[in-house]
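K.L.:
Here's a structure for you.
The values are calculated or read from the model by the stated rules, or taken from the named source; none is laboratory data. Everything quoted here is computed from the prediction, not taken from an experiment. Cβ placement follows ideal geometry from the backbone for every residue including glycine, while neighbour counts extend to all protein chains displayed. Note: areas computed on protein heavy atoms with side chains; ligands, DNA, RNA excluded. Shrake-Rupley method; radii C 1.70, N 1.55, O 1.52, S 1.80 Å.
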Amino acid sequence: NTDAPTSTVPVVSTVSSSVSVINKPVTSTTSDTKGTEDSTPDEGNKPTHNDSNNGTTTSGNPKDILRTHSDKLVHAISVNLYNVTDALYAKELIPQQTKEEVHVLGVTNYEKSSKLVNAIEGELKAKLNNPEQYLIDICHVLINQQHCILTDIATSILHQLGQSIPDNVTSISSIPDDVQGYADNMRQHYKHQPIVATDWPPRIGKDYYYGRLALVEKQDSSTQAESAWHLLRGQVDKTVKLSGNKEISVEDVLQPTDSFLSLRVVIDGPPGIGKTTLCRKLLNMWSEGPLPHQQYDLVLYCPLRNSKIATATTLAELFVRQRYEVPMVTEWFEKRNGEGLLIIFDGWDELSEQLRQSSLAASIICKEKLDQCSVIVTSRSYASSSLLKMDTLSRHVQVIGFSEEEISTVIIQTLQKDTKLAQELIDENTGWRGYRSHFTTTQSSKDSQLAVKLINDLEVQNDVQSLCYVPLVCSMVILVYCKEGGHLPTTLTQLYENFILQTIRRHVEIKPRHNINPYTLGSLSSLPSQLAKPLQEMCQLAYTNLANTRMTFSSHQLQSLSEAVKEDYLGLMTAFMEYSKKEYQFLHLSIQEFLAAWWIAKHEMKTEEVFKDHFDDDHFRMCLRFVAGLTHLEHESYQQYFNKQQLDLQCKRRPLFGFETCQFSYFYQNLEIEAGHISSDDFDNVPILLLQLLYESQNTTLCQVLAQSISNHSLCLNRLYRVSLSSSLFDWLCLSYCINNSITKWNHLHLGNVYKHQSLSVSLQTQCKRLEVRLKNPTDELIQKLLQPSLLYNIQECYCVLLQGQYAPCLVLLQFLNLPQLKILHLIIDHVPTIPTVDNTYYTDKCTELEKCIEMNSTLQEMKIEYRASTIEPNKITSTIISVIIRGVTRNKTITSLTIHDSFASPLPDGVIEQLLKDNNTLQALSLNIHNVRQSSLNIVDVNTPLTALEIGWSSSSKLMTSSLLPHIKGLHCLILCYPYPPHPYPPHLLFLSHPSINTLTLPLDTAESATELFTILQTNTTLKALSVEIKKERVYTSSMGTSLQDMLTQNQTLKYLKINSKWLELNTHIPSSFLSFLTTGLRHNTSLQQLSVSIPLNEEIRTFINVISQKNNLTELEVNFEPDQSYSNCSEEEKKQIMTPLFYEQVLPAVTNMLQSHATIRLLKIECWYINDKSSQPNWIELVQHLYETIFIHPSLEYIEIYTGIITPPLLEDTLKDQKKTLIDRHRKEQPHKPLPIVKFIN
């Protein structure tokens, strides 16, 4: 943490700060590596790097000895894999087959190393006569590799076998006396320096030094974005719980990756979060003995805020602690390319842009120098992006601060010094699911009562609470709250201003001078001259040096300060020893930034010009926020930053294919809602800094200026968090502050995910026409707060997802339906909620009220209610709500579209659906996906409802509902039938007789006869424009079916959108090769299709298919699912991968590239191909992928391409795009400035 003090400087405790780790290569789980004993070396000998059997002694059984060392052996061999393998083979210790398996491509070195060790274990078991000699021979080969860790493992094995150590081992693994002496000196130095602050600001919590660590497997861009958004909102708990995350300990920060023992670890996070504290903990651990997983002969701590470190050109200049041994130490490590050395570079963000590009630190981090050493780099989040793009990156660690519960724990343990009372208070407010939402206490202790009051105040004022996830800020909040009699600051500026005042009061109290009473100091602006002048000097020093990126000062550099300042710098600076010289720095970088802001706001003649000069300077981001808080940005010149021209913050969604548009247009007025969100490069980064400046300034006028600049008055916070990955400093309430003070009637607000505790103290104090929101773990109280009719009077469309939670669905629906202008309601209940305990009569009355409310509603036109149950148990409450809704709609006069989807509700009462179809005379579109429908409830006789669109969804009742409803419904324009396997299709000829004007049709097909009949009818049909068929059985693919499809494509010139989906074909069945020939021939003569979605076998025929597609300029939307050819039907999944992977890269991608080069009108493209080995790669494949991307970005009409290759997208596809993206975007914008960037999306 570059902004925390170095060396022995006190820093605030990072009580249980959370840490998230993002691994570039996926790490393996190693066995227990915590040594229990330290060996004491003889004079001149080095202790073993890491006693591989953890300090225990295994009996002389060679198999057991090898097993206890196997995990470390796998890691060590992976670094020197091919040399070790060849040497073992040369000594006839492994068979030729094992050697050949190691040299195959497409498998990671770690996997190969693991197989090699398994092979050695197998050979050892086979050596029945003399297994001990075999293991001894293995050890000699490892020792001859001249690799330190391999040598340590081998000598440990030989020691346990009772064998002597070869003479050449000492020269390999022993540390020279000078190196050992310097390392011992550094251990003593690190051991005696404190890990955390114990002075000022006051330490918080009890016995916490570093945070929880959460290991996050490699994330896709959406997960990374979600993580960043949680940090922006202060939702630390949510980051840890993202998919793929798991907690780790600080010991695992330096766990080796699959391929490398020399690591490059990036630790980033906001100011004061505890990055340096985490590093200091590692230094302390090393001083106590070997670090877990790897032995380091020396650990160097290199603060980059130190100009000598930042500008160092030699390894010797990185040694902060200068001793006579340094030249010998550096020479020894340089000869070993850094092996055995761990360097911690603290403060990447404090380097200038030039030094980030060209400095010794940058060269070492990128492995251009000392490539065998390990490196940890800390950085503020905004400056770490260049580090995260490194090919050499091993692990990304995010220090993400306290969770909400930890904040409460810290407050209790800080204010209540009596540990017994503190624990009782914690227990008193702990329920079975954690802390209660409102704290209480029966204790008479004033400290406990103050802690409870602060926790509850923070719950109300949760903008400040969310700032407390940063330990430094949490300490300041507690201090200021206590000193100010239980008053919370609103902004960071107010918090820091008060903290500086408290610091000066403390300074005056400790060293009385000038007869000043510290308790008469009311504010920084009204200090007496004896203090005001020194403060002014300190502020000028802070600003001047921040502008020069200097954060440490020598005594010489402080000579110009007055004696009053130099006496003890008002308590705002601290001293430490570096390079045997006394150095000074501010208590924390953020303190320097605040004082610099005070200088700019209070003493600069041209504050606005200074603000402008530093606006784009990363080093001044925090400082400018303080300037905003001090000046309130009242000068009219500040409006230029917020008066943006057409600031595009609207939702970006996946474009709909033609068939989707046809289908959805019958059921939904707003089609885009059905399209998922996507990220896009076709806009500038959303100005999070502006929103932070707004909140800090508390300037409502500027909120209105910014709101007027937003295109179409449409704001998508969901998009905002997906884009602004670098922002992790402030709570999302800076966004709501802007919204609530904008005095704008928004056309569209997408709030993204809103959580129970953080939620809407925002409560939308604004007006909008369309609202989208996902409420996670909501309660009735939260929903009521969101849906106040007085606030949402103008809302016309509401799209809401409720995830779990505790609420009564009927009460929620009543609240929605009471919105006076609501026309469209989509409500998804994901997981049936826990229903609060209420009187049955009350609940029954509310259901009756809901039914009447729907019946009498005169504005609602479209209603979609979807239940997604987490259990297959029938749910009576769900069934009750659904029947209430249907009965209400039956008598409603304005609703024209109704969608009801449920999972496993109890059976509906008899007559509910029958009554709806008989008595309702306004419903035009009906979509039903209802389970457990009984025959007795579907006695359909009369249908008076003027339906034009009907969907019968995928449920256990689909067959029954189809057979009961369809014979009585006539004249549909859109029919969607989706029933589960095995389907029993409604005869096609009856469909077209009953619905002669049908325009859009989805139909499952399970016989060749039904398929042939359908395609034959369509040869002469002129009304159908959109057709989707689902084929689930291989028997459908006959020559007669193929011929009828070919003839339909040839003769029908009105069908525009065609989908032939075989994704859910029965297991171990395949599409015949002949199908592709029929399809290709039919397409050659077709001129009407605009969209084709089809599953086809991957064989030599695809070239012909793609060539035909290339000539069809009418075809603008294409979706192709490449399936294994029928000839692979008996292959295992692994064998299919071996076949399909090269076919995908060498046939599919070149064919798609050629098609794009010759097809100038294609807009939307989806490519799907299963059975792809995500770890395989060949040099020529990279070129083929690069060629595809180049073609995509210069294409004249392509808007969107989606690629799906299974659960995991191959890194070859993702990484190649990342490497090319900037070049491709620049070229696109230069050559096609008016065309939006094409969107490339990988589906996982």
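K.L.:
Scan region 1221-1242 for residues that are more than 24 Å from the chain's Cα centre (by Cα) and of a type in the set (D, E, K, R) and jot them down.
P.N.:
Asp1226, Arg1227, Arg1229, Lys1230, Glu1231, Lys1235
K.L.:
When region 384-419 is examined, which residues are found to be farther than 13 Å from Asp447 by Cα and open to solvent by 40 Å² or more (accessible area, probe 1.4 Å)?
P.N.:
Scanning region 384-419 gives Ser385, Ser386, Leu388, Lys389, Asp391, Glu404, Glu405.
K.L.:
Specify the residue that is nearest to Gln494 (Cα to Cα); the eligible residues are those in region 508-559 that are within 43 Å of the chain's Cα centre (by Cα) and not in a helix (DSSP H, G or I).
P.N.:
Ser523
K.L.:
Please tell me if Tyr1128 is over 32 Å from the mean Cα position of the chain (by Cα), open to solvent by 10 Å² or more (accessible area, probe 1.4 Å) and aromatic (Phe, Trp, Tyr).
P.N.:
Working: over 32 Å from the mean Cα position of the chain (by Cα): yes; open to solvent by 10 Å² or more (accessible area, probe 1.4 Å): yes; aromatic (Phe, Trp, Tyr): yes.
When the stated conditions are applied, Tyr1128 passes them.
K.L.:
Go over the candidates Ile969, Ile940 one by one and state the one that is at pLDDT 90 or above and in contact with a helix residue (DSSP H, G or I) (Cβ under 9 Å, 6 or more places away or on another chain).
P.N.:
Working: Ile940 fails: at pLDDT 90 or above.
Matching residue, one of Ile969, Ile940: Ile969.
K.L.:
I've got another one for you. So for region 369-383 (the condition being open to solvent by less than 30 Å² (accessible area, probe 1.4 Å), touching a Cys at 6+ places or on another chain (Cβ under 8 Å) and at pLDDT 85 or above), does at least one residue qualify? Working first, answer last.
P.N.:
Within region 369-383, the subset open to solvent by less than 30 Å² (accessible area, probe 1.4 Å) is 370, 373-381, 383.
Checking the rest, the ones that are also touching a Cys at 6+ places or on another chain (Cβ under 8 Å) come to 376, 378.
Going one step further and asking which of them are at pLDDT 85 or above, we end up with 376, 378.
For region 369-383, residues open to solvent by less than 30 Å² (accessible area, probe 1.4 Å), touching a Cys at 6+ places or on another chain (Cβ under 8 Å) and at pLDDT 85 or above: present.
K.L.:
List the number of the failed condition for Gln650; all other conditions in (1) part of a loop (DSSP other than H, G, I, E, B); (2) at pLDDT 90 or above; (3) among the polar types (S, T, N, Q) hold.
P.N.:
(2)
K.L.:
Something else: Restricting attention to region 433-459, which residues are modelled with pLDDT under 90 and open to solvent by 90 Å² or more (accessible area, probe 1.4 Å)?
P.N.:
Arg433, Arg436, His438
K.L.:
I need a count of the residues in region 1143-1173 that are open to solvent by 50 Å² or more (accessible area, probe 1.4 Å) and under 19 Å from Arg1227 (Cα atoms).
P.N.:
2
K.L.:
Identify, please: which residue in region 317-339 is outside any helix (DSSP H, G or I) and open to solvent by 10 Å² or more (accessible area, probe 1.4 Å) and is, among those, farthest from Val375 (Cα to Cα)?
P.N.:
Of all residues in region 317-339, those outside any helix (DSSP H, G or I) come to 319-325, 336-339.
Now drop any that are not open to solvent by 10 Å² or more (accessible area, probe 1.4 Å), which leaves 320-324, 336-337, 339.
On the way: Val320: 16, Arg321: 18, Gln322: 21, Arg323: 23, Tyr324: 25, Arg336: 15, Asn337: 13, Glu339: 11 Å.
The extreme case among them is Tyr324.
K.L.:
Considering region 284-316 alone, what residues qualify as being in a helix (DSSP H, G or I), within 30 Å of His75 (Cβ to Cβ), modelled with pLDDT of 85 or more and not aliphatic (A, V, I, L, M)? Explain how you work it out, then say what you get.
P.N.:
Filtering region 284-316 for residues in a helix (DSSP H, G or I) gives 284-288, 307-310, 315-316.
Keeping just the survivors that are within 30 Å of His75 (Cβ to Cβ) gives 284-288, 315.
Imposing the further condition that a residue be modelled with pLDDT of 85 or more reduces the set to 284-287, 315.
Once the filter is applied, which keeps residues that are in a helix (DSSP H, G or I), within 30 Å of His75 (Cβ to Cβ), modelled with pLDDT of 85 or more and not aliphatic (A, V, I, L, M), region 284-316 yields Asn284, Trp286, Ser287.
K.L.:
Does Ile1109 meet the test of being under 41 Å from the mean Cα position of the chain (by Cα), in a helix (DSSP H, G or I), aliphatic (A, V, I, L, M) and over 15 Å from Leu1143 (Cβ atoms)?
P.N.:
On the way: under 41 Å from the mean Cα position of the chain (by Cα): yes; in a helix (DSSP H, G or I): yes; aliphatic (A, V, I, L, M): yes; over 15 Å from Leu1143 (Cβ atoms): yes.
Yes: the conditions hold for Ile1109.
K.L.:
Just to verify a result, which residue in region 722-735, among those that are closer than 16 Å to Val773 by Cα and open to solvent by 10 Å² or more (accessible area, probe 1.4 Å), is modelled with the lowest pLDDT? Working first, answer last.
P.N.:
Restricting attention to region 722-735, the residues satisfying the condition of being closer than 16 Å to Val773 by Cα are 722, 732-733, 735.
Now restrict to residues that are open to solvent by 10 Å² or more (accessible area, probe 1.4 Å): 722, 733.
Working: Arg722: 42, Leu733: 63.
Result: Arg722.
K.L.:
Turning to a different aspect of this structure: Across region 623-647, what is the total count of residues that are aromatic (Phe, Trp, Tyr) and in a loop (DSSP other than H, G, I, E, B)? Full working, then the answer.
P.N.:
In the first step, residues of region 623-647 are kept if they are aromatic (Phe, Trp, Tyr); the result is 626, 638, 641-642.
Those left that are additionally in a loop (DSSP other than H, G, I, E, B): none.
Of the residues in region 623-647, 0 are aromatic (Phe, Trp, Tyr) and in a loop (DSSP other than H, G, I, E, B).
K.L.:
Another question, then. Do you know which residues across region 66-116 are out of contact with any Phe, Trp or Tyr (no Cβ under 8 Å at 6 or more places or on another chain) and of a type in the set (Ser, Thr, Tyr)?
P.N.:
Of everything in region 66-116, those that are out of contact with any Phe, Trp or Tyr (no Cβ under 8 Å at 6 or more places or on another chain) and of a type in the set (Ser, Thr, Tyr) turn out to be Thr68, Ser70, Tyr82, Thr85, Tyr89, Thr108, Tyr110, Ser113, Ser114.
K.L.:
Identify all residues within region 1026-1042 that are crowded, with 21+ Cβ neighbours inside 10 Å and either farther than 27 Å from Ser1073 by Cβ or of a type in the set (Gly, Ala, Ser) (or both); write none if there are none. Can you show your working first?
P.N.:
Our first condition is that a residue be crowded, with 21+ Cβ neighbours inside 10 Å; within region 1026-1042, this holds for 1026-1031, 1036-1037, 1041-1042.
Ala1026, Ser1028, Gly1042, listed by residue number.
K.L.:
Further, regarding this structure: Those residues that are open to solvent by less than 50 Å² (accessible area, probe 1.4 Å), under 22 Å from Asp1174 (Cα atoms) and not β-branched (Val, Ile, Thr), I need them from region 87-108; list them, please.
P.N.:
The one that is open to solvent by less than 50 Å² (accessible area, probe 1.4 Å), under 22 Å from Asp1174 (Cα atoms) and not β-branched (Val, Ile, Thr): Gly106.
K.L.:
For region 146-165, which residues satisfy the criterion of being open to solvent by 40 Å² or more (accessible area, probe 1.4 Å) and assigned to a loop (DSSP other than H, G, I, E, B)?
P.N.:
Result: Gln146, Gly162, Gln163, Ser164, Ile165.
K.L.:
Just one of the numbered conditions (1) free of Cβ contacts under 8 Å to residues at least 40 places away in the same chain; (2) open to solvent by 10 Å² or more (accessible area, probe 1.4 Å) is not true of Leu355; which one?
P.N.:
Of everything listed in (1) free of Cβ contacts under 8 Å to residues at least 40 places away in the same chain; (2) open to solvent by 10 Å² or more (accessible area, probe 1.4 Å), Leu355 misses just condition (1).
K.L.:
Additional query: For Phe1015, which of the numbered conditions (1) over 27 Å from Phe667 (Cα atoms); (2) in contact with an Asp or Glu (Cβ under 8 Å, 6 or more places away or on another chain) fails to hold?
P.N.:
The one condition Phe1015 does not meet is (1).
K.L.:
Can you go through Asn1113, Asn1121, Asn1061 and tell me which one is polar (S, T, N, Q) and either open to solvent by 50 Å² or more (accessible area, probe 1.4 Å) or out of contact with any strand residue (DSSP E or B) (no Cβ under 8 Å at 6 or more places or on another chain) (or both)?
P.N.:
Values: Asn1121 fails: either open to solvent by 50 Å² or more (accessible area, probe 1.4 Å) or out of contact with any strand residue (DSSP E or B) (no Cβ under 8 Å at 6 or more places or on another chain) (or both); Asn1061 fails: either open to solvent by 50 Å² or more (accessible area, probe 1.4 Å) or out of contact with any strand residue (DSSP E or B) (no Cβ under 8 Å at 6 or more places or on another chain) (or both).
Just a single option satisfies the conditions, and that option is Asn1113.
K.L.:
If Arg774 satisfies every condition in (1) modelled with pLDDT under 85; (2) touching a Gly at 6+ places or on another chain (Cβ under 8 Å) but one, which is the exception?
P.N.:
(1)
K.L.:
Can you name the condition, by its number, that Ile829 falls short on among (1) under 37 Å from the mean Cα position of the chain (by Cα); (2) modelled with pLDDT under 85?
P.N.:
Every listed condition holds for Ile829 apart from (2).
The rows are residues; the columns are (1) in a loop (DSSP other than H, G, I, E, B); (2) surrounded by 18 or more Cβ atoms within 10 Å (Cβ to Cβ); (3) in contact with a helix residue (DSSP H, G or I) (Cβ under 6 Å, 6 or more places away or on another chain); (4) among the hydrophobic types (A, V, I, L, M, F, W, C).
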residue: Lys1175; (1), (2), (3), (4): yes, no, no, no
residue: Asn1180; (1), (2), (3), (4): no, no, no, no
residue: Ile1207; (1), (2), (3), (4): yes, no, no, yes
residue: Lys1222; (1), (2), (3), (4): no, no, no, no
residue: Ile1225; (1), (2), (3), (4): no, no, no, yes
residue: Arg1229; (1), (2), (3), (4): no, no, no, no
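K.L.:
Moving to a separate point now. Restricting the first residue to region 539-550 and requiring it to be over 13 Å from Gln585 (Cβ atoms), which pairs with a second residue that is aromatic (Phe, Trp, Tyr) and open to solvent by 20 Å² or more (accessible area, probe 1.4 Å) meet a Cβ separation below 6 Å and a spacing of at least six or different chains?
P.N.:
Short answer, once both residue conditions are applied: Cys539/Trp599; Gln540/Trp599; Tyr543/Trp599.
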